[in-house]
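Visitor: The following block contains the structure, expressed as structure tokens.
Taken together, the values in this text are just the output of simple stated rules run on the coordinates, not laboratory data. Here the structure is a predicted model, which means the values were calculated and not measured. All Cβ positions, glycine included, derive from the backbone under ideal geometry; neighbour counts span all protein chains shown.
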Amino acid sequence: MQRAILTVNAERQKTREYSLSSASETTLGRSSKCTVFLEDERASRKHAAIYFQQGKWYVRDLKSRNGTIHGNQILKDDAPLEDGDRIWIGHCEIRFQLTDAVSDNSQTDANDTESDSPRDQVLGGTGMFGISEADGVVPSRSPFDPQAVTEWRTQTSFLNVGKGTTALRMTQAGYDSSHLCQLAFRLGKSASLNDTAQTVLEGLLQATGADVAALWLLPQEVKSAFRVSQLRLIASVKPESQKYLHISEALAKTVIENREAILMNNGKDSSAKLTSDINEVSASAPNAVPVFNTLAAPIRFQDRVLGLIHLYNQLAGRIFTSEDLEYTLAVADTLGAVLTHLTREKELSAHLNETKQENTILRELLSKDTEIIGVSPAMRHVGHLIERVSEGKATLLVRGESGTGKELIARAVHFAGSRKAKPFVCLNCAAVSESLLASELFGHEKGAFTGATERKIGKFEAAHHGTLFLDEIGEMSPALQAKFLRVLEGHPFERVGGNTPVTVDVRVVAATNRDLEKEVTEGRFRHDLFFRLRVLEIVVSPLRKRKEDIMVLAYHFLERFRNETGRKVDGFSESAKQLLREYRWPGNVRELKNVIERAMLLGTESLIQESDVVLSSLRTTGDTNISSLSSLPPRNDWNVLISDPLQGAEETPEYHDDTKKYTPMTLEQWEKQHIEATLQFCEWNKSSAARILGIERTTLDRKIKRYELEKE
């Protein structure tokens with residue numbers, strides 16, 4: 001079978017070659033666990049795979065984000081590969097080639113046209129620890145006799161300076177600790193596995209006088225259990241005229257399992273069967289060169305074995321010493337730390353690139369959600385105001401009914417300004433209890449209250465240099481309003497239970513659907529905070545007052561849900577359009593969005609029909625708060641109340657006629673009685689009462705608490 005090779009050309013990187021294995025799938029992507037590692041932000045972590053099946057090679061896209069291009073087509077299904085085919089992943093060009101059998105099992109860097117040393121260097125591609133699992137370069141099956149081992153070594157005494165002395169250790173072979181320090185310094189400057197392998201192997205050849213040196217590594221995910229067949233040749237350095245004789249499986253397994261370095265001095269007349277390093281093919285060749293002595297050391301880091309270093313001589317008279325063994329083991333341990341740090345750096349870099357890309361995608365999605373849809377003069381005015389107020393740090397107050405898109409306005413202001421690359425943090429003051437709101441805003445220290453098991457930063461700290469959006473600002477208690485005002489004035493604050501001042505740079509955008517002027521008049525909202533919040537103000541008109549936007553928004557939501565659901569809905573029937581235009585939309589844009597989504601899911605025709613549009617009978621907030629009494633049963637004690645702004649309820653005499661009884665009183669007094677009557681009618685079923693009153697259940701709960709209403 002012909003040999004399959006991938007040649008990878010990427011921007012600002014050397015051209016790399018990978019040999020494919022027909023026995024396993026080759027993965028390509030930005031993950032360090034992929035067989036072919038691609039340093040391209042447009043590549044997914046696991047982008048594509050190449051495999052061999054029924055005598056043919058195929059490429060498959062692994063549901064990547066940006067797709068895999070084969071020829072001129074984006075892959076949708078598995079595609080066969082022919083000699084010379086080109087694949088594009090992001091900015092990486094990958095060429096597939098079929099070649100005849102090669103004379104050496106190792107692979108050469110495509111950019112290395114000349115050797116940097118008297119010996120040829122054979123360096124593998126990058127992947128797990130730079131390993132390509134599909135290399136096909138595995139240990140040989142030549143025999144290994146443990147009785148031929150001259151020396152075993154588990155620990156090395158290099159750099160172990162005696163207590164009270166600074167003398168460096170000197171060996172008979174001339175080694176001292178400075179050799180290892182110099183090598184470690186060079187390794188520290190290595191930026192890739194290829195550089196690291198070259199530095200280590202050439203350094204060992206120079207120090208020990210070995211003829212051949214090789215580096216073998218296990219896959220990164222191997223923690224404890226392993227198979228010797230998982231070892232892959234990463235690099236070898238040898239004389240030009242010779243071929244590297246692969247280490248035997250038995251010797252490699254012994255070194256890794258025992259975590260010990262092995263020295264074998266076989267002597268001139270030793271049989272090839274005892275050397276453990278003769279490749280089966282080389283051993284049977286008539287011109288095979290005998291191996292006279294061998295040295296193998298495990299590459300260790302903490303409790304893991306990452307691979308091994310293999311040295312041997314092919315000339316009689318060159319014998320490895322105990323010092324050679326000890327120095328090689330010290331180099332192997334140093335290499336273990338370097339490889340681990342290189343891997344961690346690569347993983348962190350890949351994770352950082354992935355995080356940056358995800359962050360960019362999220363910001364793009366958020367910026368899409370900030371599109372202000374509308375053609376009415378009111379919305380054009382809002383868009384003009386957003387452009388004017390987006391810059392600077394001034395506090396902004398967004399006012400409008402529930403469902404008009406106040407948070408959308410706040411997002412648009414944030415992403416239109418200079419803080420768009422910083423955090424946008426949201427908090428609904430009505431969704432958090434009064435006792436926890438201070439903790440949510442300012443954070444708390446460990447042990448500040450029951451359940452505070454650790455320090456927590458608040459929304460202000462989380463939004464540092466960005467924007468903090470506070471919805472339902474009118475629900476904040478007067479006590480918290482005072483602390484909130486100090487922060488708005490630029491003063492530092494302290495976390496709940498702490499005493500360390502915290503200063504932040506945050507732009508505050510507040511929103512409310514309440515009448516803050518009335519709240520200030522009645523003493524429920526601080527007047528100084530009201531004026532501090534109202535430096536800039538945007539008022540969002542309700543949907544019923546800008547009917548030009550109804551169908552524009554309806555088609556916008558139709559397109560969105562059509563893309564999400566895949567439903568073939570082209571538009572609205574004329575009767576459905578008329579119904580949408582005439583409806584007063586008490587829930588505003590939020591209600592319109594939900595109505596369109598429901599119609600998309602329940603409709604069965606290509607056009608949304610009038611019957612698909614399900615609308616409520618709730619009154620709008622702008623209408624009178626007095627609901628029709630015809631929907632309620634007659635009650636003898638029911639009063640229809642009218643407020644006189646010039647007179648108090650106590651000073652106004654009751655007025656009677658033959659059909660109705662009127663008791664003039666304030667609007668607040670009327671609201672209290674009306675809510676109480678509705679609750680009694682619904683037998684204190686708050687959900688039913690809220691539907692009749694046309695308000696949210698949470699709003700009803702607040703009014704019950706404010707008016708101190710209790711079930712009789």
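Visitor: Å³ per residue of the Cα convex hull, for the range 379-434?
Guide: 101
Visitor: Hey, another quick one. Can you list residues from other chains, or at least 5 along the same chain, whose modelled amide H is less than 5 Å from the amide H of Glu151?
Guide: For Glu151, the qualifying residues are Leu263.
Visitor: For the range 447-590, treating each Cα as an identical point scatterer without solvent, what Debye log10 I(q)/I(0) comes out at q = 0.09, 0.19, 0.20 1/Å?
Guide: One equal scatterer on each Cα of the range 447-590 leads to -0.50, -1.13, -1.20.
Visitor: Taking only Cα atoms of the range 496-565, what ratio of Rg to Rh do you get with Rh as the Kirkwood inverse-distance radius?
Guide: The Rg/Rh ratio comes out at 1.19.
Visitor: Sum up the lysine pairs in the range 1-103 that clear both bars: alpha-carbon distance under 21 Å and a spacing of 8 or more or different chains.
Guide: 7
Visitor: Can you pull out the GluC sites (Glu not before Pro) in the range 576-607 whose DSSP state is coil and whose Cβ has at most 15 other Cβ atoms within 10 Å?
Guide: Here the GluC sites (Glu not before Pro) that fit, given the DSSP loop and packing criteria, are Glu605.
Visitor: Taking the Cβ of Arg524 as the centre, find all other residues whose Cβ is under 12 Å away and add up their charges (Lys, Arg: +1; Asp, Glu: -1).
Guide: Combined, the nearby Lys, Arg, Asp and Glu give -1.
Visitor: When the expected Rg is taken as 2.2 N^0.38 Å, what fraction or multiple of it is the alpha-carbon Rg of the range 15-90?
Guide: My calculation over the Cα atoms of the range 15-90 gives 1.02.
Visitor: Could you let me know the centre-to-centre spacing of the range 388-430 and the range 202-218, using Cα atoms, in angstrom?
Guide: Distance between centres, Cα-based: 63 Å.
Visitor: On the Cα set of the range 524-606, report Rg and Dmax in Å, please.
Guide: When restricted to the Cα atoms of the range 524-606, Rg and Dmax are 17.5, 56 Å.
Visitor: Can you work out the Karplus-derived ³J(HN,Hα) for every residue in the range 328-339? Use 6.51 cos²θ - 1.76 cosθ + 1.60 with θ = phi - 60°, whole Hz, and x for glycine or proline.
Guide: 4, 5, 5, 5, 5, 5, 5, 5, x, 5, 5, 4
Visitor: Report, by chain and number, residues whose modeled amide H sits under 5 Å from the one on Asn66, excluding near sequence neighbours (fewer than 5 apart, same chain).
Guide: HN-HN under 5 Å from Asn66: Ser44.
Visitor: What are the residues whose amide H is under 5 Å from the amide H of Ser140, where those residues sit 5 or more places off or on another chain and H is modelled from the backbone?
Guide: Under 5 Å from the amide H of Ser140 lie the amide H atoms of Ile247, Ser248, Glu249, each far enough along the sequence or on another chain.
Visitor: For the range 450-461, take each phi angle, set θ = phi - 60°, evaluate the Karplus expression 6.51 cos²θ - 1.76 cosθ + 1.60, and give the result in whole Hz per residue in order, putting x for glycine and proline.
Guide: Calculated HN-Hα couplings, in order: 4, x, 7, 7, 7, 5, 9, 7, x, 5, 4, 5 Hz.
Visitor: Using θ = phi - 60° and the Karplus relation 6.51 cos²θ - 1.76 cosθ + 1.60, list the HN-Hα couplings for the range 523-539 in order, rounded to whole Hz, with x at every Gly or Pro.
Guide: x, 9, 9, 5, 5, 5, 5, 4, 6, 6, 6, 8, 5, 10, 9, 10, 9
Visitor: Same structure again: In the neighborhood of Asp701, defined by Cβ-to-Cβ distances under 12 Å, what is the net charge if each Lys or Arg adds +1 and each Asp or Glu adds -1?
Guide: Local charge sum for Asp701: +4.
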